[in-house]
Amino acid sequence: MRVLLILISLFAFLENSSAQTYQELIEKSYDYLDKNDLLSAEESLKAALRKEPANPLNYALLTNLGTIQRRQGKKEEALLSYTAALSGHTGNATILENRASLYNELGETEKALNDYNTLLIAEPEHQEALYCRGLIYIQLQNYIWAEQDFDKLLEINEKSVRARLGHAILEKMRGNFTESERIFNYLISEMPRDWVLYEGRADLYFMMGKNARAMADINKVFSESEPTANLYVLRGKIKLSQYENERAVLDFKKAESMGYNKEVIADLIKLAEK
């Protein structure tokens, strides 16, 4: 019955959209977004694209469509939309940034790096791209290039929080725990309600074997904000190290339900079940 009602609604939408203009369909998508009705917003944009497939503004619609699909968890469809949007606007910074971050979410690190490189050739001082590329270089253990990106960020903006956070993560991965902790402590003293910083410092404390301090930071985020999937995984790892295996598995499964890499979660659960 539920499926039938959805189909009836969809047919009614398609019938109604055929009578609306290109601009009306776009405006309708905004109305649906205001109501957080992502599926209807997606269908409105698709209808607009069908209405005028050669409209030169369609790259903007495809970009919006990709973001709406991404918010629904339709990552592969979002990737197709961003790629279509780029087909006639290969140097568009906004679309390149969106596709690069999505590639990174999908684990397509090299493709993400290519998009950030393309973006930064056109806009060498694009701060978000420099930060994100620096993080990818850390993933690839190319620490010198990561450091160059974070240093460049500081040249552009000496007050950049992202640059300092990048350096904190970089020093952590290099094993320079004391320096990393110093940077995290400074950032948290300046921005005590920036929960990303607590998550980063908790991960550092875990790597240092300071589980009590790590849990203090984690508990603060859980009590005062919305924890990320990464934080559930981190808390699960700490519980695993303390032989609280069943509770660790609950955290890992929660992270998976939030979109965390299923293969990584499967490996962690195997460790907990040994």
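Read-outs: derived from the displayed coordinates by stated rules, not from any lab. It should be emphasised that the depicted structure is a prediction, and the values quoted were computed from it without experimental measurement. As a convention, Cβ positions derive from the backbone with ideal geometry for all residues, glycine included, and neighbour counts pool all protein chains shown.
Here is how the numbers come out for the structure above:
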item: Table column - 3J(HN,Hα) (Hz), segment 85-95, Karplus curve with 6.51, -1.76, 1.60, x for Gly and Pro; result: 5, 6, 4, x, 9, 5, x, 5, 5, 5, 5
item: Estimated 222 nm signal from helices in the chain, with DSSP H stretches of n ≥ 4 weighted -39500 (n - 2.57), rounded to 500; result: -25000 deg cm²/dmol
item: Set of lysines near Lys220 by C-alpha distance (under 28 Å), chain-local residues within fewer than 8 positions excluded; result: Lys159, Lys172, Lys210, Lys237, Lys239, Lys253, Lys254, Lys262
item: Equivalent ellipsoid dimensions for the chain as semi-axes, Å, which come from the Cα gyration tensor, largest first; result: 39, 26, 16
item: Centre separation in Å (Cα based) which lies between segment 251-272 and segment 113-141; result: 28
item: Average Cα contact separation per residue, the chain, under 8 Å, 6 or more apart, as relative contact order %; result: 7
item: Computed over segment 61-132: relative contact order in percent, which uses C-alpha pairs under 8 Å that are six or more apart; result: 22
item: Aspartates and glutamates with Cα under 16 Å of Lys51, excluding same-chain neighbours fewer than 8 positions away; result: Glu15, Glu24, Glu27, Glu42, Glu43
item: Cα-derived Rg over Rh, computed across segment 64-183 with Rh taken as Kirkwood radius; result: 1.02
item: Cα-Cα pairs of segment 18-67 separated by more than 15 Å (percent); result: 34
item: Taking all pairs of distinct alpha-carbon atoms in segment 30-103, Kirkwood radius in angstrom; result: 12.2
item: Relative packing of peptides 138-144, 102-108 - highest average C-beta neighbours within 10 Å first; result: 102-108, 138-144
item: Long-range tail of P(r) for segment 106-242 (Cα pairs > 26 Å, %); result: 26
item: Dipole of the chain, positive end: most advanced residue of Ala163, Leu240, Ile68 [Cβ charges, Cα centre]; result: Leu240
item: Between segment 22-83 and segment 185-217, the alpha-carbon center distance in angstrom; result: 39
item: Per-selection metrics, segment 124-170 (Cα): Rg and Dmax in Å; result: 9.1, 27
